[in-house]
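The values are calculated or read from the model by the stated rules, or taken from the named source; none is laboratory data. Keep in mind it's a predicted model, so treat the numbers as computed, not measured. Note that each Cβ is placed from the backbone with ideal geometry, even for glycine, and that neighbours are counted across all protein chains shown. Accessible surface areas use protein heavy atoms only, side chains included; no ligands, DNA or RNA. Shrake-Rupley method; radii C 1.70, N 1.55, O 1.52, S 1.80 Å.
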Amino acid sequence: MKRYFDYAASCPIDEEALETYMRASKEYFANSTSLHDEGTKASRLLEHCRETLAHLIGGEAKGLYFTSGGSEGNFLAFQALLSAHPGKHIILSEGEHSSVRNTAMKYEAEGYRVTKLPLKGSGIVDLEILKSLITTDTALVSVHHVNSEIGTIQPIREISRICQGAGAFLHSDCVQSFGKIDVQQVTRYVDSLTISSHKVFGPKGVGGLYLSTANTYRPFLPNGVHESGMRAGTLNVPGIAAFAVAAEKSVKNLSEKQLRIEEWKRLFMEELSSVSDRLDFVRPSVGVPIIGMMIHHVEGQWLMLEGNRNGFHFSTGSACQIGAQEPSLTLLSMGKTEEEAKTFIRISFGRDHTTEDVRALAGWLRSVIEERTAAVVQ
């Protein structure tokens with residue numbers, strides 16, 4: 001029996017969202033920018049979805065732009081915010097998603113100065129260091145809401161105050177938080193944020209970028225008819241409709257879902273209590289369905305492959321950077337050694353799990369840890 005514990009990487013599509021996708025593909029097939037009746041019909045559905053998703057994040061519909069996902073959204077957020085600020089300095093936390101780091105590298109090559117903001121041992125950004133780094137030349141600070149590897153929640157409100165004091169924009173990647181914790185508490189404090197469909201049981205290839213309507217931005221593409229020039233290409237109306245349905249279901253009864261997640265996390269750690277001296281949990285924030293752990297003397301890559309062979313699917317970190325085969329930058333920034341970081345694995349829970357699933361994974365990990373420990377002793 002296969003058990004999937006990599007929901008932070010991607011979720012199976014929700015059945016109702018899939019039905020919405022198929023129906024919209026048949027009935028709303030026209031290009032949403034076409035001026036005939038069928039185009040208008042597709043456009044109305046699109047705008048309804050825009051209003052729905054904007055409401056879910058606590059923003060205004062006119063500030064929400066549809067994208068192909070979180071990575072493109074992060075790039076477009078940088079482009080928009082940097083176009084509206086004269087400064088040439090960018091600050092990003094050392095725990096950012098690879099799409100944010102790679103976008104910063106692009107702008108660094110174009111003349112921007114990029115500074116990395118370290119994390120404390122708890123996985124939270126160091127606010128005192130941020131205060132010392134930020135200047136009037138700082139155009140943009142980028143700090144994720146929830147870390148994609150260890151599940152820590154960043155103090156966005158406090159970061160926002162520091163940014164406002166220096167006149168810098170604040171962007172937050174909310175891909176791992178939307179649908180898991182209340183993103184509405186973040187929207188009011190940032191200038192932009194990003195969300196992604198397949199992280200909330202919607203289809204892949206769809207996401208959203210929210211830009212504060214208080215600012216004016218230069219379009220990425222001049223004279224573009226799609227999304228006010230923020231991005232090119234005919235919009236995936238069926239995918240967007242399915243995203244809206246999946247997102248509504250993910251946000252509904254959020255507190256109840258968080259209680260269930262916390263119960264699973266508690267159970268998982270209890271089941272491993274007998275080998276607790278041979279592993280270290282990177283404890284996530286409350287409500288976040290991620291547990292990071294480092295198992296002494298066991299390489300995470302080996303453990304992930306062994307788990308796969310035995311029907312358990314989890315990861316060694318963000319799916320967008322695993323191919324690099326490098327230790328987690330998040331863990332290194334927290335003060336972990338490269339050897340420690342290489343033992344890291346990420347377990348992420350989803351709504352389809354059962355208590356039996358959680359016990360089974362913990363039991364298998366416990367047996368592996370006991371076996372490997374015995375081998376090391378010999």
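Would you confirm, using the coordinates I've provided, whether LEU332 is open to solvent by 10 Å² or more (accessible area, probe 1.4 Å) and in a helix (DSSP H, G or I)?
Criteria met by LEU332.
Can you name every residue in the range 119-143 that is buried (at least 16 other Cβ atoms within 10 Å of the Cβ), in a loop (DSSP other than H, G, I, E, B) and touching a Ser or Thr at 6+ places or on another chain (Cβ under 8 Å)?
Residues satisfying the conditions are GLY123, ILE124, VAL143.
In the range 144-169, which residue that is assigned to a strand (DSSP E or B) and more than 13 Å from GLY87 (Cα to Cα) is least open to solvent (accessible area, probe 1.4 Å)? Talk me through it step by step, then tell me what you get.
Residues of the range 144-169 that are assigned to a strand (DSSP E or B), as a first pass: 146, 153, 169.
Cutting the leftovers down to more than 13 Å from GLY87 (Cα to Cα) gives us 146, 153.
Working: VAL146: 5, ILE153: 49 Å².
Result: VAL146.
All but one of (1) more than 23 Å from PHE75 (Cβ to Cβ); (2) at pLDDT 95 or above hold for GLN185; state the number of the condition that does not hold.
(2)
Is one or more of the residues making up the range 38-48 touching a Pro at 6+ places or on another chain (Cβ under 6 Å), modelled with pLDDT of 95 or more and assigned to a helix (DSSP H, G or I)?
Here is the first cut: in the range 38-48, the ones touching a Pro at 6+ places or on another chain (Cβ under 6 Å) are none.
For the range 38-48, residues touching a Pro at 6+ places or on another chain (Cβ under 6 Å), modelled with pLDDT of 95 or more and assigned to a helix (DSSP H, G or I): absent.
Hey, any hits in the range 203-211 for a residue that's touching a His at 6+ places or on another chain (Cβ under 7 Å) and modelled with pLDDT of 95 or more? Give the steps one after another, and end with the answer.
The first filter runs over the range 203-211 and keeps only residues touching a His at 6+ places or on another chain (Cβ under 7 Å), leaving 204.
Right, trim to modelled with pLDDT of 95 or more and you get 204.
Yes, there is a match, as at least one residue in the range 203-211 is touching a His at 6+ places or on another chain (Cβ under 7 Å) and modelled with pLDDT of 95 or more.
When the residues of the range 215-246 are filtered to those that are polar (S, T, N, Q) and either open to solvent by less than 30 Å² (accessible area, probe 1.4 Å) or touching a residue at least 24 places away in the same chain (Cβ under 8 Å) (or both), which remaining residue is nearest to THR20 (Cα to Cα)? Walk me through how you get there before you give the answer.
Here is the first cut: in the range 215-246, the residues polar (S, T, N, Q) are 215-216, 223, 228, 234, 236.
Imposing the further condition that a residue be either open to solvent by less than 30 Å² (accessible area, probe 1.4 Å) or touching a residue at least 24 places away in the same chain (Cβ under 8 Å) (or both) reduces the set to 215-216, 228, 234, 236.
Numbers: ASN215: 34, THR216: 34, SER228: 26, THR234: 19, ASN236: 13 Å.
Here the answer is ASN236.
Answer with yes or no whether GLU356 is out of contact with any strand residue (DSSP E or B) (no Cβ under 8 Å at 6 or more places or on another chain), surrounded by fewer than 20 Cβ atoms within 10 Å (Cβ to Cβ), of a type in the set (D, E, K, R) and at pLDDT below 95.
On the way: out of contact with any strand residue (DSSP E or B) (no Cβ under 8 Å at 6 or more places or on another chain): yes; surrounded by fewer than 20 Cβ atoms within 10 Å (Cβ to Cβ): yes; of a type in the set (D, E, K, R): yes; at pLDDT below 95: no.
No, not satisfied.
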